Amino acid sequence: MKKWATAALSVAVLTASMAAHAAREVAGVQFEDQVTIADQPLQLNGVGLRVKMIIKVYAMGLYTPRRDTSPANLMNQVGPKSIRIVMLRDVSANQLVEGLITGITDNTSTAEMTTLRARVDELEAAMMQVGEVRRGSVIQLDYVPMQGTRITVSGKPMGRNIAGDDFYRALLRIWLGDRPSDKDLKRGLLGTS
């Protein structure tokens, strides 16, 4: 009996350990439970799916130093952060840029937008380099302290780093702000759905 209890306990511990390190899946896309940016491990805070009308546009994962369900707390966490977007359909650079800029504008005051304007223009220029983002492409928007926002598409850097944690907060508000691009996606990224 003692042997059986020890074996059962070992299986339970192994199962719990595997679940803690398991990837999360959304729309067939796997998001690892942890990534490393600037030598700092980040936790998967949540995942979600961007749906426009009835079309699945992309799957997304949000990585932060600590998990949290508060948009304000997530946006204000000190340290690196990462947004991973995996395209589920082909999208033109114009469509992508329009969605990003609309999301920033919808969630940013006029005064703050004036401060961010030149950097939003840098984002637009970087994303326009992409041309068309194909299904399966991975867009990473990584914030590295003292370096800014690094944009890569399928591993290829786009433009130069965009300065300021205030700019990255504006990016996060596209999905976590008061007027998010998709409310279900917001709940998923917050880990509340």
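The values are calculated or read from the model by the stated rules, or taken from the named source; none is laboratory data. Since the structure is predicted, the reported quantities are computational estimates derived from the model, not experimental observations. With ideal geometry, Cβ positions are generated from the backbone for all residues, glycine too; neighbour counts draw on all protein chains shown. When the accessible area is computed, the model is the full protein with side chains, heavy atoms only, and any ligands, DNA or RNA have been set aside. Shrake-Rupley method; radii C 1.70, N 1.55, O 1.52, S 1.80 Å.
Some notes on this structure:
- Output for segment 31-66, where each listed residue is farther than 14 Å from LEU88 by Cα, among the aliphatic types (A, V, I, L, M) and in contact (Cβ under 8 Å) with a residue 12 or more places away in the chain: VAL35, ILE37, ALA38, LEU42, LEU44, VAL47, LEU62
- Among residues of segment 99-120 that are under 30 Å from MET53 (Cα atoms) and of a type outside the set (Asp, Glu), those with a Cβ under 6 angstrom from a residue that is at pLDDT below 95 and not in a helix (DSSP H, G or I), sequence gap 6+ or separate chain, pair up as GLY103/SER181.
- Top-ranked residue of segment 58-85 - restricted to ones that are in contact with a Gly (Cβ under 7 Å, 6 or more places away or on another chain) and in a strand (DSSP E or B), ranked as most open to solvent (accessible area, probe 1.4 Å): ARG84
- Residue count for segment 58-114 under the criterion of being among the charged types (D, E, K, R), more than 22 Å from MET128 (Cα to Cα) and more than 12 Å from the chain's Cα centre (by Cα): the result is 4.
- Number of the exception - ASN161 against (1) out of contact with any Ser or Thr (no Cβ under 8 Å at 6 or more places or on another chain); (2) open to solvent by 10 Å² or more (accessible area, probe 1.4 Å); (3) in contact (Cβ under 8 Å) with a residue 12 or more places away in the chain: (1)
- Selection of segment 163-193 for residues being part of a helix (DSSP H, G or I), out of contact with any strand residue (DSSP E or B) (no Cβ under 8 Å at 6 or more places or on another chain) and among the charged types (D, E, K, R) yields ASP166, ARG169, ARG173, LYS183.
- Restricting attention to segment 40-57, the residues that are closer than 24 Å to LEU96 by Cα and exposed (fewer than 13 other Cβ atoms within 10 Å of the Cβ) add up to 3.
Table: residues versus (1) surrounded by fewer than 19 Cβ atoms within 10 Å (Cβ to Cβ); (2) under 25 Å from GLN30 (Cα atoms); (3) of a type outside the set (Phe, Trp, Tyr).
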| residue | (1), (2), (3) |
| --- | --- |
| GLU98 | yes, no, yes |
| ILE101 | yes, no, yes |
| THR105 | yes, no, yes |
| THR108 | no, no, yes |
| ALA111 | yes, no, yes |
| ALA125 | yes, no, yes |
| GLN129 | yes, no, yes |
| VAL133 | no, yes, yes |
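- For ILE139: the one exception among (1) of a type in the set (A, V, I, L, M); (2) buried (at least 19 other Cβ atoms within 10 Å of the Cβ); (3) touching a Pro at 6+ places or on another chain (Cβ under 9 Å): (3)
- Annotation note: Cβ proximity below 8 Å between a residue of segment 169-186 that is more than 19 Å from THR115 (Cβ to Cβ) and a residue that is open to solvent by 70 Å² or more (accessible area, probe 1.4 Å) and charged (D, E, K, R) (sequence gap 6+ or interchain) occurs for ASP182/LYS52.
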